Amino acid sequence: MSGQWDEGPARGDDAPGALTADGANGGTPGAPGAAVPPPRAGGRAEARRAAQGKAAQDKGGAAQGAPPAGGGRAAARAAARKPKRNVKKIVAWSAAGALVLLAGTGGLIYFKLNGNIKSFDADAIAKDRPPEAQADADGNKPVNLLLIGSDSRGKNNSDLGGGEDGGARSDTTILLHVYADHKHAVGISIPRNAMVAIPPCKLPSGKWTKGENSNLFNAAFSVGGSDAGNPACTQNTVETLTGIRVDHTIVVDFQGFSAMTKAVDGVDVCLPEDIHERDLNEKLPSKGAVVLKKGPQKVEGQQALDYVRLRHGLGDGSDIGRMKRQQAFIGSLATKIKKEGLSPTTLLPLANAATSSLTVDPGLDSADKLLNFGLSLRNIDLHDLKFVTLPWRYRTVDKNIDIVQADAKKLWATLKSDQTIDGQNATGEQPAEAASPTAPASSAPTGPAAAAHTAAASSPLASDTANKNIRVSVYTGTTAGGMAGKAAEQLKAAKFTANAVGRADNLKYTTTMVQYGSGQKANAEKVAAVFPGAIVEPGSSAGVTVIVGKDFATANGGATSPGATTGGPAAPSTPASPESLPGSLVSDARSADDNICDNTTYGSGG
């Protein structure tokens, strides 16, 4: 969650504020989670507490049993706090993860949670949007989830690090791409101070803005100036930036984040240096006490907020280092959930706290919808949950950030093609198969001048039930009508899963081609057995692709017109393979199961 106390969208400067002692853990000195000294005087929150204490004395003096002067409300809460019960509690980054485990706990729970959930106006979502991803024959479809951490000053958020000015800002924004196989996901952190185009957005009054060619990314969430923020405007901005359709948006505020981290009994984090009070509030006159210790520790509540919002005192003091710590925090949280397991009886308080602080898109506006969405994510392995930061560079004219557009476009193209950042096929298509004993030798040449792979050289077809796991996209490469459909039917008769897609890049193929992606050669050779004389060769996309040629049309009664034009724009023979991502982006990626002490800072001098 980027931003320091009272930090707005203006040029990355920090405004005054204060650290509260709320959320500091009791325990043995030096032990993880041990209590830390309360903050020294300074900042708005401390001033408010002092003023409230004075008002209470003016009305009759301190109440009997009140905490000592200087302790404030946080100390009073700590004194009244009962010992923690020895019960495992789990929390997900979003309420979706919590609700997954509430199935079967009864309609009353759903009724209560449904009453908590707030959604934003569907009419505020732009009408001119990127196309929705299409499901394949088995229903595999990628999902793009926009996660927004809001620093809204509404409700009790100001006591957790917010200021007294109104409005809300997107403290953290992560675009989570869940691949079509629903076994891989990658979160893209978008710097709050990146300069981007902000499209027209709907105001609370119902009017629409004209949009801006260039502004800070987190300014989109502030459009309209309401305490609830403008998540629809941020969603519109992300879609404009990426060319990717956002399927769902979830916003969580400070209060919700704090409550959820307390519900899990803290999250394990790690820091390379001690963090002092002035690192959190630069207006303090001295360095102050240590509020977060060097090394591994457990944080919750205010301390957890301090960790994910911390900028100064580590690395170069930039948002880049802060985003690395946010990624580490989410990974640690996911690891804890995976290791400790989930129980409906312990999740109700958590889900109640989470949904009370959530704002979602209309597609997730009920407990049932959140549950179904959460269930769809249950098979993602920790190692296959990755985090990267949008390619960026420092600007020379100010302290903000420019997006490296050439590299960013490669990243968006990689997501659209459902390729993981390390080059895996995550489309949900068939896994690579080793060549069977009856398959043709892999050493055979495979170019246009290569010898054909025919049915006589392949394994039996209709009797091979394993063919159903091989998915084939069929394109027409001839002027004869209906050939892709006929080819798809023949493949289905041989037990393959086939789909007629459309026209190839041209309609002048004389010979049927069977193209294959990485690891798919054996499958392609099995497919080629359906088309005697077909040429098998490497292709530019994952899976197996058939381009029907004139030879197939002639054998199946199709009339062709040599040299005929396409009569319209031609579809590519296969989807374009995305360009390789920059090596630095791939090597800097974080997995959810990485060591919590690794890769948590950037640069130096901050």
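For Asp306, are the conditions met, namely being part of a helix (DSSP H, G or I) and either open to solvent by 10 Å² or more (accessible area, probe 1.4 Å) or more than 26 Å from Asp253 (Cα to Cα) (or both)? Judged against the criteria, Asp306 is not a match.
A search for C-beta distances below 7 Å between a residue of the range 518-537 that is over 16 Å from Thr465 (Cα atoms) and any residue that is assigned to a helix (DSSP H, G or I) and open to solvent by 20 Å² or more (accessible area, probe 1.4 Å), counting only pairs 6+ apart in sequence or on different chains, returns Pro532/Ala455; Gly533/Asp551.
Within the range 581-597, residues that are in contact (Cβ under 8 Å) with a residue 24 or more places away in the chain and part of a helix (DSSP H, G or I) sit with their Cβ atoms under 7 Å from residues that are surrounded by fewer than 16 Cβ atoms within 10 Å (Cβ to Cβ) and among the acidic types (Asp, Glu), at 6+ positions apart or across chains, in these pairs: Val586/Asp422. Confirm whether Ser189 is of a type in the set (Ser, Thr, Tyr), open to solvent by 50 Å² or more (accessible area, probe 1.4 Å) and modelled with pLDDT of 90 or more. Answer is no for this residue. Selection of the range 246-266 for residues being under 30 Å from Pro130 (Cβ atoms) and either among the charged types (D, E, K, R) or over 13 Å from the mean Cα position of the chain (by Cα) (or both) yields Asp247, Val252, Asp253, Gly256, Phe257.
Being modelled with pLDDT under 85, assigned to a loop (DSSP other than H, G, I, E, B) and surrounded by fewer than 16 Cβ atoms within 10 Å (Cβ to Cβ) is the filter here; which residues of the range 106-144 pass it? Selection gives Gly106, Gln134, Ala135, Ala137, Asp138, Gly139. With (1) open to solvent by 40 Å² or more (accessible area, probe 1.4 Å); (2) closer than 16 Å to Arg192 by Cα; (3) of a type in the set (S, T, N, Q) as the list, and Thr237 as the residue in question, which single condition is left unmet? In the conditions (1) open to solvent by 40 Å² or more (accessible area, probe 1.4 Å); (2) closer than 16 Å to Arg192 by Cα; (3) of a type in the set (S, T, N, Q), Thr237 misses (1) alone. Quick one: would you say Ile535 is surrounded by 15 or more Cβ atoms within 10 Å (Cβ to Cβ), at pLDDT 90 or above and out of contact with any Gly (no Cβ under 6 Å at 6 or more places or on another chain)? Yes. Only a single criterion out of (1) in a loop (DSSP other than H, G, I, E, B); (2) touching an Asp or Glu at 6+ places or on another chain (Cβ under 8 Å) is not satisfied by Tyr509, namely (2). Each residue in the range 513-551 was checked for being assigned to a helix (DSSP H, G or I) and touching a Phe, Trp or Tyr at 6+ places or on another chain (Cβ under 6 Å), and 1 of them qualify. Residues that are open to solvent by 10 Å² or more (accessible area, probe 1.4 Å), part of a helix (DSSP H, G or I) and among the hydroxyl-bearing types (Ser, Thr, Tyr) within the range 354-364 comprise just one, Ser356.
The values are calculated or read from the model by the stated rules, or taken from the named source; none is laboratory data. The structure displayed is predicted, hence computed values, not measured ones. Every residue, glycine among them, receives a Cβ derived from its backbone with ideal geometry; neighbour counts consider all protein chains shown. Quick note on the areas: whole protein, heavy atoms, side chains included, nothing else; ligands and nucleic acids left out. Shrake-Rupley method; radii C 1.70, N 1.55, O 1.52, S 1.80 Å.
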